[in-house]
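What follows is a short report on a single structure.
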Amino acid sequence: MFRSPFSLASAAIACLLAAPTVLAADAVLLENGDRLTGALIRIEDGTVHFDTGYAGALTIDLDAVWAIETAEPRVWEDAAGELREGRFIAAEDGVGVAASDGFHEVSPGDIAVLYPAGVEPGVPDAPVEPEEPEEEPGPWSGTVETGVAFRSGPIDSFDGHARLTAKREAERTVLSLSLSGAYGEVESELNKRRLRGQSKLQVYLQDRFYVYGLTGLEHDGGRALDLRANIAGGSGYDIIDSERRFWSADIGVDYQWERWRQYNPAERRRARDAAWAESVTAARAFLEDARAEPERLFTPAGLREAVMAGYELFNPPFEDRRFERDDWNIRLSSYYEQKVFTRSELEHELVVLPKLGDNLGEFRLVSDLGFVTPLTDALDLRLSLESEFDSEPGRGVRGEWDNTLRSTLRYRF
């Protein structure tokens, strides 16, 4: 095989002494005269692992290697198991190592292991932290929100609100649950006491088309609504379902049963006070008559009047009548959600219930318009305007609006 006419060892030593320039890349010289340049990965089990870059990673039998060159000093282990360090250069007889104590000639067969660059034998590698798998979202998601307001001054008032929503999504079904409550007082007089609950099951027959069933209960003492129960069913469609917008609408039939009281809490208290005042007036009139005609107390009629006057004084005659009504309605509902700015959201839920049958032309409307901006990863600030209109409430007050503007904190789970 052809060899250079000058000594490769002498040239290498001269280069080291005169200009210790680090070679730009590693090289493997083969017995057949070929020279491969690239990155020497390691030598192990009689095999050279070498990355050429232009031809990819290669594995070469160590017996086919004549010499090795490395751009930087490397740690290697000889056949006797002794660790050595130095930069490999081509020598006349094969491999040469330029170590700190001088130049040594080494044959390729003397290399048992050449470690990858940057690895210190005997020093355990830093443990690799296993990547934590991303937590898959649970079957349930939802929100909890609450807000209270106090006012102290010429008029003292208190208003509190809380709401819980939960949703469970499966491949073709969505179950939505909600429960909300509100309580308010003005000058220690109750003006709001509301509790609402609703469940809705959607079954998707196609990607966006669904049928649904819904049930709900409501109590609103502030408006003299003792109980409202409804059950509904119909179909709907997700009109828009994109990353920034979502809009769904549905139509169905809703059966509604209501029980109303004659008075709301404030009116009931005033009516009781008026009945008690009448009882006091009647008792005083009886006592005046008894003084004028004391013998009446000893007659059956007089005795009966005395007993009734005392009874009504401690139990004033008061009647809070209840009456019921039921209606069939068309149910039109819509839910819209849109991202605003970077992370905020605008959401609007609207339900319109036109009545059927004898009450045709009457309707109820419920609207919840909210703006949500995040405070932390799980906590939001929500500003909302809740509106409700009933063209013919149960107490016969036509066109009764109920508007509430509130600010609440909402926790997402």
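What follows draws every value from the coordinates through simple rules; no lab data is involved. Everything numeric in this text was worked out from a predicted model, so none of it was measured. Don't worry about glycine lacking a Cβ; one is built from the backbone with ideal geometry, like all the others, and counts go over all protein chains shown.
Put simply, the amide H of ASN191, placed in the peptide plane, has neighbours under 5 Å in GLY184, GLU185, VAL186, leaving out anything fewer than 5 places away on its chain.
Divide, for region 196-264, the radius of gyration over alpha carbons by 2.2 N^0.38 Å, where N is the residue count.
Working it through for region 196-264, the quotient is 1.45.
Amide H contacts of GLU362 (H built 1.01 Å from N, in plane; Pro and chain starts excluded): LYS355 sit under 5 Å, all sequence-distant by 5 or more or on other chains. Sorted largest first, the spans of the alpha carbon positions of region 265-320 along the three principal axes are 44, 17, 11 Å.
Taking packing as the residue-averaged number of other Cβ atoms within 10 angstrom, the listed peptides 183-193, 104-114 run from highest to lowest as 104-114, 183-193.
Put a plus charge on the Cβ of each Lys and Arg, a minus charge on the Cβ of each Asp and Glu, and nothing anywhere else: the dipole of region 265-320 about its Cα centre is then about 160 debye.
Shown in residue order for region 379-387 are the 3J(HN,Hα) couplings computed by the Karplus curve 6.51 cos²θ - 1.76 cosθ + 1.60 at θ = phi - 60°: 10, 10, 10, 10, 9, 9, 10, 9, 10 Hz (x for Gly and Pro).
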